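Contents: one structure, followed by commentary.
The values are calculated or read from the model by the stated rules, or taken from the named source; none is laboratory data. This one's a predicted model, so the numbers in the text were calculated from it and none came from an experiment. SASA here: full protein model, heavy atoms, side chains in, ligands and nucleic acids out. Shrake-Rupley method; radii C 1.70, N 1.55, O 1.52, S 1.80 Å.
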Amino acid sequence: QVQLVESGGDLVQAGGSLRLSCAASGSIFSINSMGWYRQAPGKQRELVAAATIGGSINYVDSVKGRFTISRDNAKNTMYLHMNSLKPEDTAVYYCNADVAVYSDYILRNYWGQGTQVTVSS
């Protein structure tokens, strides 16, 4: 019923910038929290940044000051602006959201398929 589709991943040099997008589609009544996670090879998936519908935002310490999460609630879309990228930011980035649909208004958690970000040194 709900799909999350990420885009914007790419190969970039260290110090460069990227903007990731996550578009939610389906019979969406509301989206509560949205967040970006990442998983590097051999590592656990970690929360990078999250934003609630009320405007509360959190970042993992390693990206503070470099990454910015934003939401366009009218478009059911979330962004991650990534600046000053480092090789250690290399990972698959996943979109995650708590979404309620019109059929039952129950919040469920959804994941996107991921988009690859590779930062070369």
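Some points to look at:
- Candidates 62, 21, 33, ranked by Gaussian network fluctuation over the chain, Cα under 10 Å, top entry: 62
- Length gained when the stretch residue 25-residue 104 is fully extended (0.36 nm per residue, less Cα-Cα span): 26.8 nm
- In the chain, the portion of solvent-accessible area held by carbon and sulfur atoms comes to 48 percent [1.4 Å probe, whole percent, DNA, RNA and ligands not counted].
- For segment 105-118, 3J(HN,Hα) per residue [Karplus equation, 6.51 cos²θ - 1.76 cosθ + 1.60, θ = phi - 60°, Hz, x = Gly/Pro]: 6, 8, 6, 10, 9, 10, 10, x, 8, x, 9, 7, 10, 10
- Counted residue by residue at 0.36 nm each, then reduced by the alpha carbon distance between them, the extension gain from residue 7 to residue 47 reaches 12.6 nm.
- With the largest listed first and rounded to whole Å, the semi-axes of the equivalent ellipsoid of the chain from the Cα gyration tensor are 26, 14, 12.
- Average accessible surface for the chain: 52 Å² per residue, computed with a 1.4 Å probe over protein heavy atoms with every protein chain in place.
- For the chain, built as a Gaussian network whose Cα springs stay under 10 Å, the top-fluctuating residue of 110, 37, 93: 110
- Max mean-square fluctuation residue, GNM over the chain, Cα-Cα springs under 10 Å, options 24, 51, 14: 14
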